[in-house]
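As C-alpha coordinates, the structure follows; a few thoughts come after it.
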Amino acid sequence: MFLRFILQIVLFWLIIHLVNHLLLRFRITKRPYGRLLRSLGCHISICNIMFYTTSFNRLFYRIGSKNARLWKGWFTIGIFIAMITSICACLILFFLPMRYVYDLRQQSISSKQNLTTFKQNERDTLLIQPIIPGVNVPLEQMVHFFLALLVCTVFHEFGHAVAATAEQVRLNGCGYFLFLLYPGAYVDLNHEQVQMISAYRQLRIYCAGVFHNMVLVLFAVLFLLIHPIFLRNFYTETAMVSRVSKESPLSSLLPVRSIIQSIDGCVVNTSNDWYQCLRLIRDRRPQDSSGYCLTQDEIQLLSNHIEFNQTINYDCCQNFSQKNYCFLYHSKQYSYQNGACMEARTITQHPPCLLNSDCQRHGSDASCVYPFTADNITRLVRISHNQGRAILFVGSINEIYRTITLQSYQAKYNFIPTILITDIPLFFQYVGAFSFALAFFNAVPCYGLDGQYILAALIEYCSPNFYRKYQTSLVFPLIVGTCLLVVNVLLAFVRYFLL
(Lines give C-alpha, C1' and ligand atoms only; values in the text may rest on other atoms or scores of the structure.)
Protein backbone atom coordinates (compact mmCIF):
# COMPACT_ATOMS: atom_id res chain seq x y z
CA MET A 1 0.00 0.00 0.00
CA PHE A 2 2.73 2.47 0.99
CA LEU A 3 4.94 1.62 -2.00
CA ARG A 4 2.00 2.07 -4.33
CA PHE A 5 1.28 5.44 -2.74
CA ILE A 6 4.93 6.52 -3.16
CA LEU A 7 4.85 5.48 -6.80
CA GLN A 8 1.68 7.52 -7.29
CA ILE A 9 3.40 10.59 -5.78
CA VAL A 10 6.45 10.11 -8.03
CA LEU A 11 4.23 9.63 -11.07
CA PHE A 12 2.24 12.76 -10.16
CA TRP A 13 5.37 14.94 -10.05
CA LEU A 14 6.80 13.39 -13.21
CA ILE A 15 3.57 14.24 -15.06
CA ILE A 16 3.60 17.80 -13.64
CA HIS A 17 7.19 18.43 -14.75
CA LEU A 18 6.69 16.76 -18.12
CA VAL A 19 3.57 18.80 -18.92
CA ASN A 20 5.25 21.99 -17.69
CA HIS A 21 8.32 21.29 -19.85
CA LEU A 22 6.29 20.54 -22.97
CA LEU A 23 4.04 23.58 -22.60
CA LEU A 24 7.07 25.86 -22.23
CA ARG A 25 8.90 24.26 -25.16
CA PHE A 26 6.33 24.42 -27.97
CA ARG A 27 5.80 27.80 -29.63
CA ILE A 28 2.01 27.45 -29.77
CA THR A 29 1.68 27.03 -26.02
CA LYS A 30 4.75 28.89 -24.71
CA ARG A 31 3.29 32.41 -24.65
CA PRO A 32 -0.23 31.70 -23.40
CA TYR A 33 1.11 29.25 -20.82
CA GLY A 34 3.71 31.78 -19.68
CA ARG A 35 1.02 34.46 -19.32
CA LEU A 36 -1.10 32.03 -17.29
CA LEU A 37 1.81 31.27 -14.94
CA ARG A 38 2.54 34.98 -14.47
CA SER A 39 -1.12 35.82 -13.82
CA LEU A 40 -1.29 33.10 -11.16
CA GLY A 41 2.12 33.97 -9.73
CA CYS A 42 3.00 30.33 -10.24
CA HIS A 43 6.50 28.92 -10.13
CA ILE A 44 7.24 25.21 -10.61
CA SER A 45 10.48 23.70 -9.33
CA ILE A 46 11.58 20.22 -8.26
CA CYS A 47 8.66 18.67 -6.33
CA ASN A 48 7.38 22.14 -5.50
CA ILE A 49 4.63 24.39 -6.87
CA MET A 50 4.39 27.95 -5.51
CA PHE A 51 1.70 30.58 -6.05
CA TYR A 52 2.15 34.25 -5.22
CA THR A 53 -0.51 36.97 -5.17
CA THR A 54 -1.10 40.52 -4.00
CA SER A 55 -4.89 40.20 -4.22
CA PHE A 56 -5.30 39.88 -0.45
CA ASN A 57 -3.11 42.84 0.51
CA ARG A 58 -6.05 45.27 0.80
CA LEU A 59 -8.08 42.76 2.77
CA PHE A 60 -5.28 42.27 5.30
CA TYR A 61 -4.74 46.04 5.49
CA ARG A 62 -8.43 46.63 6.24
CA ILE A 63 -8.48 43.92 8.89
CA GLY A 64 -5.25 45.13 10.54
CA SER A 65 -5.87 48.88 10.38
CA LYS A 66 -9.45 48.59 11.62
CA ASN A 67 -9.37 48.35 15.43
CA ALA A 68 -5.56 48.45 15.33
CA ARG A 69 -5.38 49.08 19.08
CA LEU A 70 -7.44 45.94 19.74
CA TRP A 71 -5.19 43.89 17.45
CA LYS A 72 -2.09 45.20 19.21
CA GLY A 73 -3.50 44.12 22.55
CA TRP A 74 -4.36 40.73 21.07
CA PHE A 75 -0.85 40.19 19.71
CA THR A 76 0.73 41.46 22.93
CA ILE A 77 -0.90 38.48 24.63
CA GLY A 78 0.61 36.44 21.82
CA ILE A 79 4.13 37.47 22.88
CA PHE A 80 3.68 35.90 26.33
CA ILE A 81 2.08 32.75 24.89
CA ALA A 82 4.92 32.40 22.36
CA MET A 83 7.56 32.90 25.09
CA ILE A 84 6.01 30.16 27.25
CA THR A 85 5.77 27.87 24.23
CA SER A 86 9.40 28.57 23.32
CA ILE A 87 10.69 27.77 26.82
CA CYS A 88 8.66 24.55 26.98
CA ALA A 89 9.74 23.51 23.47
CA CYS A 90 13.44 24.07 24.22
CA LEU A 91 13.25 22.12 27.49
CA ILE A 92 11.44 19.24 25.80
CA LEU A 93 13.94 19.11 22.94
CA PHE A 94 16.81 19.14 25.46
CA PHE A 95 15.50 16.34 27.69
CA LEU A 96 13.80 14.18 25.05
CA PRO A 97 17.04 12.63 23.68
CA MET A 98 17.97 11.71 27.26
CA ARG A 99 14.65 9.93 27.62
CA TYR A 100 15.27 8.07 24.34
CA VAL A 101 18.71 6.92 25.60
CA TYR A 102 17.16 5.79 28.89
CA ASP A 103 14.40 3.87 27.07
CA LEU A 104 17.00 2.25 24.82
CA ARG A 105 18.95 1.02 27.84
CA GLN A 106 15.74 -0.34 29.38
CA GLN A 107 14.98 -2.17 26.14
CA SER A 108 18.46 -3.75 26.04
CA ILE A 109 17.85 -5.16 29.53
CA SER A 110 14.48 -6.61 28.51
CA SER A 111 14.15 -9.94 26.75
CA LYS A 112 13.70 -10.10 22.98
CA GLN A 113 10.02 -11.02 23.29
CA ASN A 114 9.28 -8.17 25.65
CA LEU A 115 11.24 -5.85 23.38
CA THR A 116 8.98 -6.65 20.42
CA THR A 117 5.89 -6.06 22.53
CA PHE A 118 7.39 -2.81 23.81
CA LYS A 119 7.99 -1.55 20.27
CA GLN A 120 4.42 -2.23 19.19
CA ASN A 121 2.90 -0.63 22.29
CA GLU A 122 5.18 2.41 22.53
CA ARG A 123 5.49 3.46 18.87
CA ASP A 124 2.24 5.45 18.91
CA THR A 125 3.11 7.20 22.22
CA LEU A 126 6.16 9.06 20.89
CA LEU A 127 6.02 12.80 21.58
CA ILE A 128 7.49 13.64 18.15
CA GLN A 129 6.24 11.42 15.34
CA PRO A 130 6.82 11.57 11.59
CA ILE A 131 3.50 12.04 9.80
CA ILE A 132 3.58 10.29 6.43
CA PRO A 133 0.43 9.56 4.43
CA GLY A 134 0.18 5.91 3.59
CA VAL A 135 2.35 4.90 6.56
CA ASN A 136 0.77 6.18 9.76
CA VAL A 137 -2.00 8.19 8.10
CA PRO A 138 -4.62 5.98 6.37
CA LEU A 139 -5.23 6.89 2.75
CA GLU A 140 -8.96 7.32 3.43
CA GLN A 141 -8.06 10.20 5.79
CA MET A 142 -6.18 12.18 3.12
CA VAL A 143 -8.92 14.83 2.83
CA HIS A 144 -8.90 15.45 6.60
CA PHE A 145 -5.09 15.46 6.59
CA PHE A 146 -4.55 17.99 3.78
CA LEU A 147 -7.45 20.26 4.73
CA ALA A 148 -6.32 20.45 8.36
CA LEU A 149 -2.71 21.13 7.36
CA LEU A 150 -3.80 23.87 4.96
CA VAL A 151 -6.05 25.50 7.60
CA CYS A 152 -3.24 25.47 10.19
CA THR A 153 -0.63 27.00 7.89
CA VAL A 154 -3.04 29.64 6.52
CA PHE A 155 -4.13 30.63 10.05
CA HIS A 156 -0.47 30.84 11.09
CA GLU A 157 0.39 33.19 8.23
CA PHE A 158 -2.84 35.13 8.75
CA GLY A 159 -1.52 36.03 12.20
CA HIS A 160 1.73 37.41 10.77
CA ALA A 161 -0.09 39.37 8.06
CA VAL A 162 -2.64 41.02 10.38
CA ALA A 163 0.00 41.79 13.02
CA ALA A 164 2.19 43.45 10.38
CA THR A 165 -0.60 45.61 8.95
CA ALA A 166 -1.66 46.58 12.50
CA GLU A 167 1.91 47.86 13.02
CA GLN A 168 1.74 49.77 9.68
CA VAL A 169 4.25 47.42 8.01
CA ARG A 170 3.64 46.95 4.31
CA LEU A 171 2.65 43.52 3.08
CA ASN A 172 4.26 42.78 -0.30
CA GLY A 173 2.11 39.73 -0.96
CA CYS A 174 1.24 36.23 0.15
CA GLY A 175 1.05 32.80 -1.37
CA TYR A 176 0.68 29.11 -0.93
CA PHE A 177 2.65 26.11 -2.09
CA LEU A 178 2.67 22.35 -2.44
CA PHE A 179 5.96 20.66 -1.53
CA LEU A 180 6.02 16.91 -2.28
CA LEU A 181 2.54 16.31 -0.89
CA TYR A 182 2.45 18.86 1.96
CA PRO A 183 0.50 22.12 1.37
CA GLY A 184 1.50 25.36 3.07
CA ALA A 185 1.23 29.15 3.01
CA TYR A 186 3.54 32.15 3.46
CA VAL A 187 3.46 35.96 3.63
CA ASP A 188 6.01 38.36 2.15
CA LEU A 189 6.62 41.33 4.47
CA ASN A 190 8.64 44.47 3.78
CA HIS A 191 11.66 43.55 5.92
CA GLU A 192 13.15 47.03 5.78
CA GLN A 193 10.04 48.46 7.44
CA VAL A 194 10.06 45.63 9.98
CA GLN A 195 13.66 46.49 10.97
CA MET A 196 12.72 50.16 11.38
CA ILE A 197 10.05 49.61 14.05
CA SER A 198 10.83 48.90 17.70
CA ALA A 199 11.81 45.42 18.92
CA TYR A 200 8.58 45.16 20.93
CA ARG A 201 6.47 45.76 17.82
CA GLN A 202 8.61 43.26 15.93
CA LEU A 203 7.86 40.67 18.63
CA ARG A 204 4.14 41.17 18.04
CA ILE A 205 4.63 40.31 14.36
CA TYR A 206 7.04 37.41 14.82
CA CYS A 207 5.08 35.77 17.67
CA ALA A 208 1.72 36.10 15.90
CA GLY A 209 2.04 32.81 14.00
CA VAL A 210 2.89 30.73 17.08
CA PHE A 211 0.13 32.47 19.03
CA HIS A 212 -2.50 31.82 16.38
CA ASN A 213 -1.55 28.16 16.22
CA MET A 214 -1.94 27.83 20.00
CA VAL A 215 -5.35 29.53 19.76
CA LEU A 216 -6.29 26.97 17.10
CA VAL A 217 -5.11 24.16 19.41
CA LEU A 218 -7.32 25.53 22.20
CA PHE A 219 -10.30 25.75 19.85
CA ALA A 220 -9.76 22.16 18.64
CA VAL A 221 -9.47 20.84 22.21
CA LEU A 222 -12.64 22.65 23.27
CA PHE A 223 -14.54 21.18 20.31
CA LEU A 224 -13.34 17.66 21.10
CA LEU A 225 -14.36 18.10 24.75
CA ILE A 226 -17.85 19.36 23.83
CA HIS A 227 -18.37 16.81 21.05
CA PRO A 228 -19.28 13.82 23.31
CA ILE A 229 -21.98 15.93 25.02
CA PHE A 230 -23.43 16.78 21.62
CA LEU A 231 -23.39 13.11 20.60
CA ARG A 232 -25.26 12.00 23.72
CA ASN A 233 -28.11 14.41 22.98
CA PHE A 234 -28.53 13.96 19.23
CA TYR A 235 -27.30 10.41 18.59
CA THR A 236 -28.03 6.96 19.98
CA GLU A 237 -25.21 4.67 21.03
CA THR A 238 -24.81 1.67 18.75
CA ALA A 239 -22.24 -0.23 16.68
CA MET A 240 -22.89 0.93 13.11
CA VAL A 241 -20.70 -0.03 10.15
CA SER A 242 -19.35 3.21 8.67
CA ARG A 243 -16.88 1.80 6.14
CA VAL A 244 -16.12 -1.52 4.48
CA SER A 245 -12.96 -1.49 2.38
CA LYS A 246 -13.17 -2.77 -1.19
CA GLU A 247 -10.32 -5.12 -0.29
CA SER A 248 -12.34 -6.65 2.53
CA PRO A 249 -13.53 -10.27 2.06
CA LEU A 250 -16.83 -9.07 3.58
CA SER A 251 -17.33 -6.15 1.19
CA SER A 252 -20.24 -7.86 -0.61
CA LEU A 253 -21.76 -9.36 2.54
CA LEU A 254 -21.74 -6.65 5.21
CA PRO A 255 -23.78 -3.52 4.26
CA VAL A 256 -22.62 -0.07 5.29
CA ARG A 257 -24.85 1.46 8.03
CA SER A 258 -25.81 -2.01 9.28
CA ILE A 259 -25.77 -2.54 13.05
CA ILE A 260 -23.43 -5.20 14.43
CA GLN A 261 -25.07 -7.26 17.17
CA SER A 262 -22.41 -9.83 18.05
CA ILE A 263 -19.29 -11.55 16.79
CA ASP A 264 -18.59 -15.14 17.73
CA GLY A 265 -20.89 -14.93 20.74
CA CYS A 266 -19.32 -11.68 22.00
CA VAL A 267 -22.08 -9.05 22.37
CA VAL A 268 -21.38 -5.76 20.55
CA ASN A 269 -23.10 -2.52 21.60
CA THR A 270 -20.50 0.09 20.59
CA SER A 271 -17.48 0.33 18.34
CA ASN A 272 -15.27 -0.13 21.40
CA ASP A 273 -17.02 -3.43 22.11
CA TRP A 274 -16.37 -4.48 18.51
CA TYR A 275 -12.63 -3.86 18.71
CA GLN A 276 -12.38 -5.45 22.16
CA CYS A 277 -14.16 -8.57 20.88
CA LEU A 278 -11.83 -8.75 17.88
CA ARG A 279 -8.76 -8.50 20.11
CA LEU A 280 -10.19 -11.13 22.46
CA ILE A 281 -10.84 -13.59 19.60
CA ARG A 282 -7.44 -12.89 18.01
CA ASP A 283 -5.46 -13.36 21.24
CA ARG A 284 -7.13 -16.64 22.21
CA ARG A 285 -5.40 -19.91 21.46
CA PRO A 286 -7.33 -22.01 18.89
CA GLN A 287 -8.22 -24.61 21.54
CA ASP A 288 -9.57 -21.82 23.77
CA SER A 289 -11.76 -20.26 21.08
CA SER A 290 -15.51 -20.05 21.36
CA GLY A 291 -17.40 -23.24 20.45
CA TYR A 292 -20.97 -24.52 20.18
CA CYS A 293 -22.96 -26.99 22.28
CA LEU A 294 -24.04 -30.22 20.53
CA THR A 295 -25.18 -33.55 21.91
CA GLN A 296 -23.57 -36.76 20.70
CA ASP A 297 -26.69 -37.60 18.71
CA GLU A 298 -26.54 -34.21 16.97
CA ILE A 299 -22.86 -34.71 16.17
CA GLN A 300 -23.59 -38.11 14.65
CA LEU A 301 -26.57 -36.74 12.69
CA LEU A 302 -24.87 -33.60 11.32
CA SER A 303 -21.43 -35.05 10.60
CA ASN A 304 -20.35 -36.02 7.10
CA HIS A 305 -17.26 -37.62 8.54
CA ILE A 306 -15.88 -38.21 12.06
CA GLU A 307 -12.16 -38.58 12.68
CA PHE A 308 -11.44 -40.24 16.01
CA ASN A 309 -8.15 -39.37 17.73
CA GLN A 310 -7.89 -36.25 15.58
CA THR A 311 -4.32 -35.01 15.21
CA ILE A 312 -3.54 -31.35 15.72
CA ASN A 313 -2.61 -30.48 12.13
CA TYR A 314 -5.10 -32.68 10.27
CA ASP A 315 -8.20 -31.15 8.67
CA CYS A 316 -11.04 -33.68 8.84
CA CYS A 317 -12.92 -31.85 6.00
CA GLN A 318 -10.25 -31.96 3.31
CA ASN A 319 -12.39 -33.71 0.68
CA PHE A 320 -15.80 -32.23 1.45
CA SER A 321 -17.84 -29.18 0.39
CA GLN A 322 -16.73 -25.62 1.22
CA LYS A 323 -19.85 -25.32 3.37
CA ASN A 324 -18.36 -27.82 5.77
CA TYR A 325 -15.81 -27.10 8.45
CA CYS A 326 -13.82 -29.29 10.80
CA PHE A 327 -14.86 -29.04 14.45
CA LEU A 328 -12.96 -30.60 17.36
CA TYR A 329 -14.51 -32.00 20.54
CA HIS A 330 -14.08 -34.36 23.48
CA SER A 331 -16.74 -36.77 24.74
CA LYS A 332 -17.20 -39.16 27.65
CA GLN A 333 -17.19 -42.11 25.26
CA TYR A 334 -14.03 -40.97 23.44
CA SER A 335 -11.73 -39.08 25.78
CA TYR A 336 -9.23 -38.27 23.03
CA GLN A 337 -9.71 -35.29 20.75
CA ASN A 338 -12.07 -36.05 17.89
CA GLY A 339 -12.84 -34.22 14.68
CA ALA A 340 -16.24 -33.93 13.01
CA CYS A 341 -16.80 -32.48 9.54
CA MET A 342 -20.08 -30.57 9.71
CA GLU A 343 -21.87 -27.71 7.93
CA ALA A 344 -20.52 -24.54 9.52
CA ARG A 345 -23.69 -22.44 9.31
CA THR A 346 -25.81 -25.09 11.00
CA ILE A 347 -23.31 -25.59 13.82
CA THR A 348 -22.82 -21.88 14.53
CA GLN A 349 -26.55 -21.51 15.19
CA HIS A 350 -26.23 -23.65 18.33
CA PRO A 351 -25.65 -22.17 21.81
CA PRO A 352 -22.11 -20.79 22.31
CA CYS A 353 -19.69 -22.26 24.86
CA LEU A 354 -16.08 -22.30 25.98
CA LEU A 355 -15.94 -25.58 27.94
CA ASN A 356 -17.84 -28.87 28.00
CA SER A 357 -19.25 -27.87 31.39
CA ASP A 358 -21.03 -24.94 29.70
CA CYS A 359 -23.12 -27.45 27.73
CA GLN A 360 -24.39 -29.63 30.60
CA ARG A 361 -27.75 -27.87 30.67
CA HIS A 362 -28.30 -29.02 27.06
CA GLY A 363 -27.75 -32.71 27.88
CA SER A 364 -25.49 -34.87 29.97
CA ASP A 365 -23.62 -36.07 26.86
CA ALA A 366 -23.35 -32.63 25.24
CA SER A 367 -19.92 -31.46 24.10
CA CYS A 368 -18.46 -28.07 23.25
CA VAL A 369 -17.28 -28.36 19.63
CA TYR A 370 -14.85 -25.66 18.50
CA PRO A 371 -13.51 -24.83 15.02
CA PHE A 372 -10.31 -26.47 13.88
CA THR A 373 -7.38 -24.35 12.71
CA ALA A 374 -4.02 -25.53 11.47
CA ASP A 375 -2.30 -22.32 12.61
CA ASN A 376 -2.72 -19.57 15.20
CA ILE A 377 -4.05 -17.06 12.67
CA THR A 378 -7.06 -18.53 10.86
CA ARG A 379 -10.37 -18.32 12.70
CA LEU A 380 -13.99 -19.19 11.98
CA VAL A 381 -16.18 -16.40 13.34
CA ARG A 382 -19.88 -15.64 13.13
CA ILE A 383 -20.91 -11.99 12.72
CA SER A 384 -24.56 -11.14 13.47
CA HIS A 385 -26.06 -7.89 12.12
CA ASN A 386 -29.51 -6.38 11.60
CA GLN A 387 -29.66 -6.38 7.78
CA GLY A 388 -29.55 -10.05 6.87
CA ARG A 389 -28.49 -13.43 8.09
CA ALA A 390 -25.31 -13.92 10.06
CA ILE A 391 -22.00 -13.86 8.18
CA LEU A 392 -19.46 -16.66 8.56
CA PHE A 393 -15.87 -15.55 8.08
CA VAL A 394 -12.81 -17.80 7.80
CA GLY A 395 -9.45 -16.06 7.90
CA SER A 396 -7.28 -13.71 9.94
CA ILE A 397 -8.99 -11.45 12.48
CA ASN A 398 -6.58 -8.72 11.40
CA GLU A 399 -8.35 -8.66 8.02
CA ILE A 400 -11.61 -7.73 9.74
CA TYR A 401 -9.85 -5.26 12.02
CA ARG A 402 -8.11 -3.54 9.09
CA THR A 403 -10.90 -3.40 6.50
CA ILE A 404 -14.05 -2.69 8.55
CA THR A 405 -14.65 0.54 10.47
CA LEU A 406 -17.45 1.04 12.99
CA GLN A 407 -18.82 4.15 14.67
CA SER A 408 -20.51 4.17 18.05
CA TYR A 409 -23.38 6.53 17.26
CA GLN A 410 -26.39 6.73 14.97
CA ALA A 411 -28.36 9.95 14.42
CA LYS A 412 -31.71 10.19 16.19
CA TYR A 413 -33.06 12.42 13.44
CA ASN A 414 -32.64 11.99 9.68
CA PHE A 415 -31.61 15.63 9.07
CA ILE A 416 -28.49 15.31 11.26
CA PRO A 417 -25.46 14.44 9.08
CA THR A 418 -23.25 11.48 9.97
CA ILE A 419 -20.04 13.48 9.35
CA LEU A 420 -20.52 14.99 12.82
CA ILE A 421 -19.77 11.55 14.27
CA THR A 422 -16.33 10.82 12.84
CA ASP A 423 -15.26 13.15 10.01
CA ILE A 424 -15.44 16.51 11.77
CA PRO A 425 -13.90 15.24 15.05
CA LEU A 426 -11.12 13.60 13.02
CA PHE A 427 -10.53 16.89 11.19
CA PHE A 428 -10.23 18.73 14.53
CA GLN A 429 -7.84 16.08 15.84
CA TYR A 430 -5.57 16.77 12.87
CA VAL A 431 -6.02 20.54 13.34
CA GLY A 432 -4.99 20.27 16.99
CA ALA A 433 -1.99 18.07 16.20
CA PHE A 434 -0.71 20.14 13.26
CA SER A 435 -1.28 23.48 15.00
CA PHE A 436 0.61 22.33 18.07
CA ALA A 437 3.44 21.00 15.89
CA LEU A 438 3.69 24.32 13.98
CA ALA A 439 3.68 26.33 17.21
CA PHE A 440 6.17 23.96 18.86
CA PHE A 441 8.74 23.98 16.05
CA ASN A 442 8.41 27.68 15.18
CA ALA A 443 8.94 28.65 18.82
CA VAL A 444 12.40 27.03 18.84
CA PRO A 445 15.31 29.39 17.96
CA CYS A 446 16.17 27.66 14.70
CA TYR A 447 17.35 28.88 11.30
CA GLY A 448 14.53 29.39 8.81
CA LEU A 449 11.74 29.35 11.43
CA ASP A 450 9.98 32.11 13.39
CA GLY A 451 12.16 31.36 16.42
CA GLN A 452 15.19 32.84 14.65
CA TYR A 453 13.52 36.28 14.43
CA ILE A 454 11.80 36.01 17.81
CA LEU A 455 15.18 35.46 19.52
CA ALA A 456 16.80 38.48 17.80
CA ALA A 457 13.86 40.78 18.59
CA LEU A 458 13.71 39.56 22.21
CA ILE A 459 17.42 40.23 22.84
CA GLU A 460 17.15 43.64 21.19
CA TYR A 461 14.14 44.48 23.39
CA CYS A 462 15.75 43.28 26.64
CA SER A 463 19.19 44.81 25.99
CA PRO A 464 19.57 47.08 22.93
CA ASN A 465 23.25 47.80 23.70
CA PHE A 466 24.09 44.11 23.98
CA TYR A 467 22.26 43.43 20.74
CA ARG A 468 24.20 46.13 18.86
CA LYS A 469 27.59 44.96 20.20
CA TYR A 470 27.10 41.20 19.98
CA GLN A 471 24.60 40.78 17.16
CA THR A 472 26.87 38.25 15.46
CA SER A 473 26.91 36.15 18.67
CA LEU A 474 23.29 35.19 18.02
CA VAL A 475 24.69 32.54 15.70
CA PHE A 476 25.57 30.32 18.67
CA PRO A 477 22.06 29.92 20.22
CA LEU A 478 20.61 29.52 16.73
CA ILE A 479 23.07 26.71 15.96
CA VAL A 480 22.23 25.02 19.28
CA GLY A 481 18.48 25.33 18.64
CA THR A 482 18.82 24.05 15.07
CA CYS A 483 20.94 21.07 16.20
CA LEU A 484 18.44 20.22 18.96
CA LEU A 485 15.58 20.27 16.49
CA VAL A 486 17.42 18.23 13.85
CA VAL A 487 18.61 15.63 16.40
CA ASN A 488 15.12 15.18 17.83
CA VAL A 489 13.52 14.84 14.40
CA LEU A 490 16.15 12.28 13.32
CA LEU A 491 15.70 10.35 16.56
CA ALA A 492 11.95 10.34 16.00
CA PHE A 493 12.41 8.79 12.54
CA VAL A 494 14.92 6.24 13.81
CA ARG A 495 12.80 5.33 16.81
CA TYR A 496 9.62 5.01 14.75
CA PHE A 497 10.95 3.07 11.75
CA LEU A 498 14.14 1.28 12.82
CA LEU A 499 14.15 0.51 16.54
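Go through segment 461-489 and give me each residue that's modelled with pLDDT under 85 and open to solvent by 90 Å² or more (accessible area, probe 1.4 Å).
The answer is Asn465, Phe466, Arg468, Lys469, Tyr470, Gln471, Thr472.
Could you please tell me which pairs satisfy a Cβ distance under 6 Å, a separation of 6+ or placement on different chains, a first residue in segment 382-396 that is without any contact (Cβ under 8 Å) to a residue 60 or more places away in the chain, and a second residue that is assigned to a strand (DSSP E or B) and open to solvent by 10 Å² or more (accessible area, probe 1.4 Å)?
Between residues of segment 382-396 that are without any contact (Cβ under 8 Å) to a residue 60 or more places away in the chain and residues that are assigned to a strand (DSSP E or B) and open to solvent by 10 Å² or more (accessible area, probe 1.4 Å), the close pairs are Ala390/Arg382; Ala390/Ser384; Leu392/Arg382.
What residue, of Phe436, Phe428, is touching a residue at least 12 places away in the same chain (Cβ under 8 Å) and open to solvent by 40 Å² or more (accessible area, probe 1.4 Å)?
Exactly one residue qualifies, and that residue is Phe436.
Could you go through segment 184-202 and let me know if any residue there is among the aliphatic types (A, V, I, L, M), open to solvent by less than 20 Å² (accessible area, probe 1.4 Å) and touching a residue at least 60 places away in the same chain (Cβ under 8 Å).
Yes: segment 184-202 contains one or more residues that are among the aliphatic types (A, V, I, L, M), open to solvent by less than 20 Å² (accessible area, probe 1.4 Å) and touching a residue at least 60 places away in the same chain (Cβ under 8 Å).
Between Asp358, Asp365, which is surrounded by 14 or more Cβ atoms within 10 Å (Cβ to Cβ), of a type in the set (D, E, K, R) and at pLDDT below 85?
Asp365
This table checks each residue for (1) over 20 Å from the mean Cα position of the chain (by Cα); (2) assigned to a strand (DSSP E or B).
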residue	(1), (2)
Thr405	no, yes
Tyr409	yes, yes
Tyr413	yes, no
Phe428	no, no
Phe436	no, no
Tyr453	yes, no
Pro477	yes, no
Asn488	yes, no
Arg495	no, no
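Need pairs with beta-carbon distance below 8 Å; first residue more than 18 Å from Tyr370 (Cα to Cα) and within segment 264-283, second of a type in the set (Ser, Thr, Tyr) and part of a helix (DSSP H, G or I); sequence gap 6+ or separate chains.
Final answer for the pair search is Tyr275/Tyr401.
Have a look at Ile400, Ile377, Ile383 and point out the one that is in contact with a strand residue (DSSP E or B) (Cβ under 6 Å, 6 or more places away or on another chain), open to solvent by less than 10 Å² (accessible area, probe 1.4 Å) and either closer than 23 Å to Lys323 by Cα or modelled with pLDDT under 90 (or both).
Numbers: Ile400 fails: in contact with a strand residue (DSSP E or B) (Cβ under 6 Å, 6 or more places away or on another chain); Ile377 fails: open to solvent by less than 10 Å² (accessible area, probe 1.4 Å).
Unique residue meeting the criteria: Ile383.
The values are calculated or read from the model by the stated rules, or taken from the named source; none is laboratory data. These numbers come from a predicted model, not from an experiment. FYI the Cβ positions are ideal-geometry reconstructions off the backbone, even for glycines, and counts take in every protein chain you see. In case anyone asks, the SASA skips ligands and DNA or RNA and just uses the protein heavy atoms, side chains included. Shrake-Rupley method; radii C 1.70, N 1.55, O 1.52, S 1.80 Å.
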